[in-house]
Amino acid sequence: MVRVVFGVLGPTVAAVDGGGALALKGPRHRAVLARLIVARRRVVPVARLVEDLWVDPPPGAVGAVQTFVGALRRVLEPERPPRAPARLLVTDGPGYALRTGPDTVDAWRFETALASAAGLPAPKALATLEEALGWWRGPAYAEFADEDWSRGERARLAELRLQAVERRAEAHLALGRPADAVPDLDAHLTDHPWREDAWRLLALALYRQHRQGDALAVLRRAREVLVDQLGVDPGPHLRHLESAILTHSPTLDPRPAGAPQHDPAPPDTPLPPLPPRGARNRALTPDKPAPTTPQPPHPPRGARNRALTPDPPPLSNPPPPTTPADLWTRAAKAYNRTVAKGTRARLEHTVGLIRNLAVTGGEGLAEARHHRTAAITAAEEFADPELTARVIGAYDVPAIWTRADDQAAAEQIVTVAERTLAALPTSPHDTARCRLLATVALETRGATGPRGPEAAREAEALARRLDDPALLAFALNGRFMQSFTRAGLAPQRDAIGAELVELAARHGLVTYEVLGHLVRLQARAALADFAAADTHAATADRLAERHELPLVGVFTDWYGALRLSAAGQPARAETACRAAAARLDGAGMPGLERGLLPLALLCLRLTHGLPPDPDPRADWGPHRPWAEPFTLITEGRHTEARTALRTLPEPPHDLLYEAYSALEAEAALRLDDRTVLERARTRLRPAAAELAGAGSGLLTLGPVERYLTD
């Protein structure tokens, strides 16, 4: 089978691996191919392709896109028999995807090479970086520089290329070849003069060639460029390097063979490793200069030029921290020294820390839940309802799953919030009241009764009147949690998600932007619009990676399993379910984790006409009542199964409402129980146009219409 490789690090090309280039015809054919590569194997709807290809789409634009795709398929898979399904450029739902391997696109291989080089010894790292940089034939997606759809990817790849150049220079230095690093760094800085780390590496390379004067001149030039072009002073790494050069610090000398490849970076050393992918070089305000000391009569080894900056301060005044860990430690110590224990300020600041801890996932989320209830209890001891309202309302952590991880704690929080609402004066404290109401709406998720929906409506009305974007996002999260009063409300939730995405993107509320995409993922999956759901999953993953939100991947992994099931691939879906469940282990979300894997596997088997085969020994958690009839049917205990079926409770008003109702209907069909069938039909009828359970974003039992028809 012919293997096709693609190049976007320059003009967009395709070629037979080890052979010649393929003829891609006109610019719009290449644009379609490049757009699909940007999507990274995900589906791009035809409507989106039309928008991206034309500013003012002509009549017949959809047909033109189909023609371009057909021509590309003939070029990419010339040996494919007529009417055989495409292997590379596939049709999926309302759009197309390029399902090529991760090692067939030069940009993807470049990212992999750059990441792997970080953990290699200097000789191998240098060879890897040299090869990867050699793949660049010009700017990424060169002929599509002005297209909106390419702009973000082009900027990201350009940043990675700059990092690769600097890491190559670092490898040269680690190997004792400073002369090899200088020419590349000089050219690099000509085009990118704001790269502080490149200035640092160039000065160090010159110093290691015994060119101290040139090294100091480079640092002076760096200062001039940064001040003139950016209006900032050099950051601490450049300042510390200057001081080290003036004193001929031994930390600047090359490492002997076998030593670590990167120089260590204690606070007084100017050689930290390069920042991680995506980090930008940031200049900091310089420290207050210390008095200049007299020069010794005989300066050491070749010291001729003195820079304008003073010598480093004495040891009693250590330099500023150079790592986040140092900064955190020093700031925490300063806080403990200066803010009195037991004060209101310390309590409120603690809640802010707990809020940030919650989005780290795993142990952080579990710890945040524990400390949150302790903080609320401590706030009530002040007998100050305004303080208690602030402490409760400050925990505006976006929530997507509609079942509490700690039901007892949720009930305690609601009780205190309601008590605080009653004690809080009305008019001057509308913001605090709004946050308390949104908290009630969130913490009563999945419950029956009018209080949750009522609190959600009140919070939303207050937030809209106060015109506070962050407050409105919090209130919309509460409204989402209360949008499960019956089946068939996916369109309503989709509208909530759309507003969250627009609001959060406009005001920089990243965690709520991610929440909006996850809400829309669930809603579009319920409506069988997988092209849109794929887009929201991809966007949520990108935002999560950029902003270090690890829990997002838990939900997008489960969505991937759902997607495989809906596509008629039960074996692959089961594998994906088990992988997603493994990722849940230790994620700190027992309300989601407990019993989810056996439930998902039961739904998967029922959807695809396989024997249910439920495991009676599994921990079904809260899902056991809806699995029990199938266990009894499998064991031939039909009378007990009918009893279990008829005594099922009302499904919780949450993301699994339609799934539970469909399980109830399926069991009733197998037992020929007309009474329960009528009950299930009444519950499911409003969701006739949906996929049962897919609104959870985790699993599905197929079209609701099938159950209604049966």
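The values are calculated or read from the model by the stated rules, or taken from the named source; none is laboratory data. Just so we're clear, the structure is a prediction, and the values are computed from it rather than from any experiment. Every residue, glycine among them, receives a Cβ derived from its backbone with ideal geometry; neighbour counts consider all protein chains shown. Keep in mind that these areas ignore ligands, DNA and RNA; they rest on the heavy atoms of the full protein, side chains included. Shrake-Rupley method; radii C 1.70, N 1.55, O 1.52, S 1.80 Å.
Give me D for the chain in µm² s⁻¹, whole number, from Stokes-Einstein with Rh from the Kirkwood sum over alpha-carbon pairs, 25 °C and 0.890 mPa s. Could the numbers behind the result be given before it?
Working: Rh = 29.6 Å.
Taking Rh from Cα pairs, D becomes 83 µm²/s.
Amide H of G95 versus every other amide H placed in the peptide plane: which residues, excluding those fewer than 5 positions away on the same chain, fall under 5 Å?
The list, which skips near neighbours in sequence, is V46.
Hey, any idea what Rg/Rh is for segment 45-132, computing Rh the Kirkwood way over Cα pairs? Could you put the intermediate results ahead of the total?
Values: Rg = 18.8 Å, Rh = 16.0 Å.
Using only Cα positions, Rg/Rh for segment 45-132 is 1.17.
If you look at just the Cα atoms of segment 433-493, how large are its Rg and its Dmax in Å?
Every Cα atom of segment 433-493 included, Rg and Dmax give 10.9, 32 Å.
Over segment 605-710, what percent of the accessible surface lies on carbon and sulfur atoms, probe 1.4 Å? Please list the in-between numbers first.
Working: 2280 of 4470 Å².
Here carbon and sulfur together make up 51 percent of the probe-accessible area.
Can you figure out the FRET efficiency of T448 with R685, using R₀ = 25 Å and their beta-carbon distance, to the nearest 0.05?
Step by step, r from the Cβ atoms, then E = 0.80.
Taking amide H positions as placed in the peptide plane 1.01 Å from N, state which residues far from F382 in sequence (5 or more) or on other chains have amide H under 5 Å from it.
none
Roughly how many Å² of R706 are accessible to a 1.4 Å probe, to the nearest 10?
80 Å²
How big is the antiparallel share of DSSP beta bridges in the chain, given as a percent to the nearest 5?
Within the chain, antiparallel bridges account for around 95 percent of the total.
Whole angstrom only: what separates the Cα centroid of segment 363-381 from the Cα centroid of segment 591-606?
Here the answer is 30 Å between Cα centres.
Calculated from DSSP H runs of 4 or more alone, at -39500 (n - 2.57) each and per residue, what is the 222 nm mean residue ellipticity of the chain, nearest 500? Working shown, then result.
Working: 30 runs with 407 residues, N = 710.
Computed mean residue ellipticity for the chain: -18500 deg cm²/dmol.
For the chain, which span is the longest to avoid every loop-located (per DSSP) member of GluC sites (Glu not before Pro) having at most 15 other Cβ atoms inside 10 Å?
Of all site-free stretches, the longest is 80-380.
Where the centre of each part is set by its Cα atoms, how far does segment 91-161 sit from segment 625-694, in angstrom?
Using only Cα atoms to place each centre, the spacing works out to 50 Å.
Direction-averaged shadow area of the convex hull around the Cα atoms of segment 492-573, nm²? Mind dumping the intermediate values first?
Numbers: hull surface 20.4 nm².
So the Cα hull casts an average projection of 5.1 nm².
Counting pairs of alpha carbon atoms under 8 Å apart in space and at least six apart in sequence, what relative contact order in percent does segment 553-626 give? Intermediate results must be reported in sequence, preceding the final value.
Details: 64 pairs, mean separation 19.8, N = 74.
This gives 27 percent for segment 553-626.
How charged is the neighbourhood of R674? Take every other residue with its Cβ under 14 Å from the Cβ of R674, and add Lys/Arg as +1 and Asp/Glu as -1. Spell out each step's value before the answer.
Working: positive: R642, R646, R670, R679, R681; negative: E664, D672, D673, E678, D710.
The answer is 0.
How much accessible area per residue does the chain have, in Å², with a 1.4 Å probe? Before the final figure, lay out the partial values.
Details: 32440 Å² over 710 residues.
Accessible surface, normalised per residue, equals 46 Å².
Over all pairs of distinct alpha carbons, what does the Kirkwood formula give as the hydrodynamic radius of segment 528-654, in Å?
Working: mean 1/r = 0.0618 Å⁻¹.
One over the average 1/r among Cα pairs gives 16.2 Å for segment 528-654.
For W149, what accessible surface area do you get with a 1.4 Å probe? Give it in Å², rounded to 10.
My reading of the accessible area for W149 is about 30 Å².
Show the residues, 5+ positions off or on another chain, whose built amide H is closer than 5 Å to the amide H of A528.
Hits under the 5 Å cutoff: L691.
Less than 12 Å Cβ to Cβ from P193, Lys/Arg counted +1 and Asp/Glu -1: what total charge do the surrounding residues give?
On the way: positive: R195, R221, R223; negative: D186, D191, E196, E224, D228.
Neighbourhood net charge equals -2.
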